Amino acid sequence: MRNNRLATVAGLALLTPALAACAAPQEKLEPWQQAQKTEVWEPVPEAVETPAGKAPSDAVVLFDGTDLSAWESVNGGEAAWTLGGDTVTVKPGTGNIRTRQSFCDVQLHVEWRAPQPEEDMDGQKRNNSGVFFQERYEIQVLDSYQNKTYPNGQAASVYKQTIPLVNATRPPGEWQEYDIIFTAPKFDGEALESPGYVTVIHNGVVVQNHVEIQGTTEWIGAPKYKAHGCAPIQLQDHDNLVSFRNIWLREL
Ligand code: MG
């Protein structure tokens with residue numbers, strides 16, 4: 001019994017410093033000092049100028065109405081589409097155009113306009129074009145204003161893969177805006193390491209919210225992945241007079 005009591009006393013003696021520490025009065029901090037503990041001061045984001053309606057100062061300007069020097073034809077040679085005012089319009093039959101530069105992860109801004117449709121233009125024939133990331137993954141451009149087609153092929157769809165959340169298309173003749181955040185797929189050798197992802201904002205409305213890209217956007221057949229590196233952006237010649245303006249991107 002006595003031994004037990006001794007053990008208890010010894011144990012308490014060992015605990016005493018710890019108890020004393022717990023009992024020590026905490027330094028009293030003013031609220032602003034407590035708030036300061038969760039402030040992070042580094043790194044400081046670089047300042048970017050964001051003039052209204054124009055490319056941010058850190059953007060790669062792909063087309064500002066001046067010329068098509070950032071582009072070439074996929075068939076070789078200069079981009080042969082039609083320049084006029086601050087716009088560039090598909091010249092049917094000349095083929096897709098693509099950026100001379102290759103890109104991986106980007107934020108892309110592009111404005112497009114479908115002309116008034118002709119009488120026989122329905123579905124996919126109603127002023128079709130497209131924005132291809134890395135020459136493989138198409139975000140559809142189509143006059144989808146009161147125009148029935150398969151929804152995974154309407155404007156702002158990930159073509160033949162993902163239907164947009166809503167149809168934000170303006171009437172033909174009006175300019176439309178796409179702001180697209182594209183995360184490129186990653187490959188480990190020939191194997192897919194992580195798929196691509198895309199977020200699309202159409203006329204200020206989120207229509208694709210970080211959706212997985214299942215592979216190449218095929219007209220016929222299933223999407224598939226085949227390893228590749230950074231690659232150009234393409235605009236599609238689908239034999240329709242779709243116009244574009246104010247195209248820029250930021251590499252992410
Ligand atoms: Mg298309």
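The values are calculated or read from the model by the stated rules, or taken from the named source; none is laboratory data. This is a predicted model, so every value here is computed, not measured. We place every Cβ from the backbone using ideal geometry, glycine too, and count neighbours over all the protein chains shown.
Just a few scattered comments:
- Long-range neighbours under 8 Å by Cβ, at least six apart or interchain, first residue in a loop (DSSP other than H, G, I, E, B) within the range 227-250, second of a type in the set (Gly, Ala, Ser) and surrounded by fewer than 18 Cβ atoms within 10 Å (Cβ to Cβ): Ala227/Gly189; Ala227/Ala191; Gly229/Ser102; Cys230/Ser102; Pro232/Ser102; Asp237/Gly93; Asp239/Gly93
- Under the condition of being in a loop (DSSP other than H, G, I, E, B), over 16 Å from Cys104 (Cα atoms) and touching a Pro at 6+ places or on another chain (Cβ under 9 Å), the residues counted in the range 193-219 number 2.
- Meets criteria (of a type in the set (Ser, Thr, Tyr) and within 14 Å of the ligand (Cβ to nearest atom)) for Ser73: no
- The strands (runs of 3 or more DSSP E) found entirely in the range 122-188 that carry 1 or more residues being without any contact (Cβ under 8 Å) to a residue 24 or more places away in the chain and crowded, with 17+ Cβ neighbours inside 10 Å are 137-142.
- Conditions (1) under 30 Å from Glu119 (Cα atoms); (2) within 16 Å of the ligand (Cβ to nearest atom); (3) more than 16 Å from the chain's Cα centre (by Cα): number failed by Pro223: (1)
- So Asp179, is it away from the ligand (no atom under 15 Å from the Cβ), more than 22 Å from Gly215 (Cβ to Cβ) and not hydrophobic (A, V, I, L, M, F, W, C): yes
- Entirely in the range 77-118, the strands (runs of 3 or more DSSP E) that have 1 or more residues that are free of Cβ contacts under 8 Å to residues at least 24 places away in the same chain and over 25 Å from the mean Cα position of the chain (by Cα): 82-84
- The set of residues in the range 189-214 being in contact with an Asp or Glu (Cβ under 8 Å, 6 or more places away or on another chain) and touching a residue at least 60 places away in the same chain (Cβ under 8 Å) consists of Gly196, Val200.
- Scan of the range 204-220 for residues that are surrounded by fewer than 21 Cβ atoms within 10 Å (Cβ to Cβ), aliphatic (A, V, I, L, M) and within 16 Å of the ligand (Cβ to nearest atom), ordered by number: Ile220
- Subset of the range 119-152 [within 11 Å of the ligand (Cβ to nearest atom) and in contact with a strand residue (DSSP E or B) (Cβ under 6 Å, 6 or more places away or on another chain)]: Asn128, Ser129, Gly130, Val131, Phe132, Glu138, Ile139, Gln140, Val141, Leu142
- Selected residue (only one of Leu235, Leu252, Leu241 is within 16 Å of the ligand (Cβ to nearest atom), of a type outside the set (D, E, K, R) and surrounded by fewer than 19 Cβ atoms within 10 Å (Cβ to Cβ)): Leu241
- Condition check for Trp32: at pLDDT 95 or above, surrounded by fewer than 10 Cβ atoms within 10 Å (Cβ to Cβ) and in a loop (DSSP other than H, G, I, E, B): no
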